[in-house]
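Enquirer: Encoded as structure tokens, here's the structure I'll be asking about.
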Amino acid sequence: MLQAINNFTITGNLTKDPEVRKTASGTTYAFITVAVNGFSKDKADFISVILWDKLAVNVCKYCKKGALVSVLGHITAPVKDGKTVIQLNAENVTFLGKGGTANNEPVE
């Protein structure tokens, strides 16, 4: 029997500067939107991804609008207010170019 693999990889440009936020319990997070080429040559798809903890801090510190990134992560489907919401959770973000970035070196 085949085992399902739950992951995604997208590569594209950030559509705006990411911002660090905190949950009510104090957990650090950020949302990014990545513009990727769509199936049609003249259309782009805009994918929203959530980042957690140090990954959120690093991306907010080193990436700006227009930065080229590759995002690897997994998909979850939490239920909020009785509705299932698909959520893309980043596990790794690779900085691919200097477009929009001031310094392209992540911190530990």
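Enquirer: Search the stretch 51-108 for residues being modelled with pLDDT under 90 and in contact with a Cys (Cβ under 8 Å, 6 or more places away or on another chain), and hand back the single one that is surrounded by the most Cβ atoms within 10 Å (Cβ to Cβ).
Expert: Looking at the filtered set, the residue picked out is T101.
Enquirer: Starting from residues that are in a strand (DSSP E or B) and in contact with a helix residue (DSSP H, G or I) (Cβ under 6 Å, 6 or more places away or on another chain), keep the ones in the stretch 16-46 and report whichever is most open to solvent (accessible area, probe 1.4 Å).
Expert: Looking at residues that are in a strand (DSSP E or B) and in contact with a helix residue (DSSP H, G or I) (Cβ under 6 Å, 6 or more places away or on another chain), I get Y29.
The values are calculated or read from the model by the stated rules, or taken from the named source; none is laboratory data. Because the structure is a prediction, the values reported are computed rather than measured. With ideal geometry, Cβ positions are generated from the backbone for all residues, glycine too; neighbour counts draw on all protein chains shown. SASA here: full protein model, heavy atoms, side chains in, ligands and nucleic acids out. Shrake-Rupley method; radii C 1.70, N 1.55, O 1.52, S 1.80 Å.
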